[in-house]
1. Here are SER2, SER16: which of them is of a type in the set (Gly, Ala, Ser), assigned to a loop (DSSP other than H, G, I, E, B) and over 13 Å from ILE115 (Cα atoms)?
2. Of the residues that make up the range 297-311, is at least one touching a residue at least 24 places away in the same chain (Cβ under 8 Å), under 26 Å from GLY431 (Cβ atoms), aliphatic (A, V, I, L, M) and part of a loop (DSSP other than H, G, I, E, B)?
3. Go through the residues of the range 38-48 one by one and say whether even a single one is hydrophobic (A, V, I, L, M, F, W, C) and either in a helix (DSSP H, G or I) or loosely packed, with under 15 Cβ neighbours inside 10 Å (or both).
4. Here's a check for you: in the range 325-373, which residue that is in contact with an Asp or Glu (Cβ under 7 Å, 6 or more places away or on another chain) and assigned to a loop (DSSP other than H, G, I, E, B) is nearest to ASP289 (Cα to Cα)?
5. I need the full set of residues from the range 374-402 which are part of a strand (DSSP E or B) and hydroxyl-bearing (Ser, Thr, Tyr), in order please.
6. Please go through the range 168-220 and pick out each residue that is surrounded by fewer than 21 Cβ atoms within 10 Å (Cβ to Cβ) and closer than 16 Å to ALA154 by Cα.
7. Looking at the structure I just gave you, is GLY206 assigned to a helix (DSSP H, G or I) and closer than 22 Å to GLY408 by Cβ?
8. Exactly one of these conditions fails for ALA65: (1) part of a helix (DSSP H, G or I); (2) within 23 Å of TYR225 (Cα to Cα); (3) in contact with a helix residue (DSSP H, G or I) (Cβ under 8 Å, 6 or more places away or on another chain). Give me its number.
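The values are calculated or read from the model by the stated rules, or taken from the named source; none is laboratory data. Note that the structure is a prediction, hence the values are computed from the model and not measured. Every residue, glycine as well, gets a Cβ built from its backbone with ideal geometry; the counts of neighbours run over all protein chains shown.
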Amino acid sequence: MSPEEIRRVDVVVVGSGVSGSAAARTAARSGAKVALLEKLETFGGSAALSAGMFWTAPSLDAYQARIPLGRTELGAKVVGDYEEAVRELRQSGVRVADEPQHDIMTFGVGYSTDITAILASCRDDVLAAGGETHTSTPVTGLVSDGTGVTGVQARDSQGRLVEYRARAVVLTTGGFQGARDELTRYIGPNADRLLLRSNPGSVGDGRRLAGTAGAGGTTAMSTFYGHLVGCPVERFEPADYLPFSQYYSGSTMLVNLRGQRFTDETLGDELLNQDLTFQPEARGVLIFDHHVRTTEASSEPFPGLGTIDRFDIAVQAGAKHAVARTLPELVDAVAAWGVDRESLSATLTRYQEVAASGGGTAHGITVSAKARPPRTSPFYALMVQPSITFTFGGISINTDGEVLDHDGRAIPGLYAAGADIGGLSNYGYAGGLAPGYITGRWAGLAAARR
């Protein structure tokens, strides 16, 4: 279809989350005229819904230990570029905490930031360099001259077909967590039970566009980031994403609907969230005591989130729950939900025994030396379900952000970053905002230099 208007720029960035914003800023600061195109009515993507923690692995060794199946060359460069990215944010004038927070998601290091200000300052840089930023502008296709990508076609806010001709295109559309058919293909039937904890626009646009240019795929297609949420919940809107998340699950005992443990709880909530997805009905029960309720479950996991009682918030949202003076009474209450009483009782007893002896295995499942079995009355049970914020598999790139074809060759003029790329995280999670920002910088710089 012939466009109604042709615009000429140097770089087009598709998507305005943290990776797209960083790509656009970097390209603009490198002298390129940039068009930043966002299909939704507001800028920011899922980054705008986040807590603002700018974190990743503290070292390559830590990255490899947490994400042994990750792409080491990408992980090494993210870790190596992290401090420079933090300096850039500080120099841009946005709030970055003075002191880092350690052991984020059990292993990471990072700083609390003002993500809204970061996103806005990136757009300001684009405009200051003579570029343009648009919302309500979905990209409908890539433009090619037969040798490489030379632009995009998009619908502007009035519905007109506009062609942007450019030396380079950067795809940063935020993954495919909103595409239910794709999730089922890669994750399986329980993908239908995943709560969407993300902006609604990330439905795989980047992967589809890259595919038309011959892009290759990656590992990690069945893995993703998200957090456990009470079950059921009467609503799940963006304002609920952070307070409803049960970040403290690593200090609980987690069982499936058969009353059986299936993973080492101390791995952390974002991994338990994935593991639960593959259990019967993708439902589970957290069991914990009053000590956990009044400490981890009521603490501030990240600066700025506030101190709240996450169990109480889940209860108020409609989640199935129980409170009991003794563990046998709690087991009876959970059994009333359809969980096998004998199995749950045996699981709890053996878990307590192994944890008390310093760790080991219980019914074939690891019990960490760091496990904290329930000891202090009253005792609590909360039914939980998994959610998905973004996917870990996607477009294959190199460390310059160039999109690679199935044979590993760079596709001229096409770049990708953030949750559109695949393999940086793989079951284990390397962070969201920082890797997104850093990979966006790679792509923006390489695109501007093309």
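1. SER2
2. Yes, the range 297-311 contains at least one residue that is touching a residue at least 24 places away in the same chain (Cβ under 8 Å), under 26 Å from GLY431 (Cβ atoms), aliphatic (A, V, I, L, M) and part of a loop (DSSP other than H, G, I, E, B).
3. yes
4. The extreme case among them is ALA371.
5. Once the filter is applied, which keeps residues that are part of a strand (DSSP E or B) and hydroxyl-bearing (Ser, Thr, Tyr), the range 374-402 yields TYR380, SER387, THR391.
6. Passing the criteria: GLY201, ARG208, THR212.
7. yes
8. (3)
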